[in-house]
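To start, the structure itself, in structure tokens.
The values are calculated or read from the model by the stated rules, or taken from the named source; none is laboratory data. Small disclaimer: the values here were computed from a predicted structure and weren't measured. Note that each Cβ is placed from the backbone with ideal geometry, even for glycine, and that neighbours are counted across all protein chains shown.
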Amino acid sequence: MQIIKEFDELEKLSKGIGLNRIGRIFEDLIESMKDYLCLDPIYKNVQIIISNHSESFPEDKFNPFDVGVKRIPQNGNLSIFISDGYIRFLPLILLREAYYNFISVRNLPIQVAINSIVENTFNRISVLKDWILMIKNFSIHDENIGKILSGFKKFFKRERPGSESPTFFLLIMLEIIFL
């Protein structure tokens, strides 16, 4: 999948380098995904703000698939506040948030699917093991999440010679089933 043209820039963001370009990088990511998915994003104007980690991020305690983020939709625009305590996970968070911007329904299976797509896309990023452990720690008490995650991991491991990418197939199926 070639939607991640900005991989090097995303990797630098995880080290705190180039944070002043985060908005532009996210816009480029949305444009690449728009072309790849042949869909329009829900929010045309998205503002990404790195926020002091001492601010409240209530989602952290309740949903592992919203970790590090507070979203505020207003007048057709979206502001995404990302806690500076999660900067090392910026590539994963930005890709997750970009996918969320193309899907109007957000329930547990969709969130798990998006997380699996993000993990599969960044399967060589240095912080992936920490990300997986963090997600696992959040969801340790919910065996349904564990079962769904396990199923998606198997899905991405299957070989599909001559077919569309598993990510594209999965997103189309989610669109058909849930939208």
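A few comments on the model shown:
- The residue of the range 101-115 that is surrounded by the fewest Cβ atoms within 10 Å (Cβ to Cβ), among those that are over 18 Å from LEU39 (Cα atoms) and modelled with pLDDT of 85 or more, is GLN111.
- Among the residues making up the range 107-140, none is within 14 Å of the chain's Cα centre (by Cα), closer than 19 Å to GLY85 by Cβ and without any contact (Cβ under 8 Å) to a residue 12 or more places away in the chain.
- The requirement of being in contact (Cβ under 8 Å) with a residue 12 or more places away in the chain and on the phi > 0 side of the Ramachandran plot is fulfilled somewhere in the range 73-94, by at least one residue.
- Elements of type helices (runs of 4 or more DSSP H) contained in the range 1-75, each with 2 or more residues being aliphatic (A, V, I, L, M) and at pLDDT 90 or above: 22-37
- Flag for ILE125 being among the β-branched types (Val, Ile, Thr), outside any strand (DSSP E or B) and over 18 Å from LYS136 (Cα atoms): no
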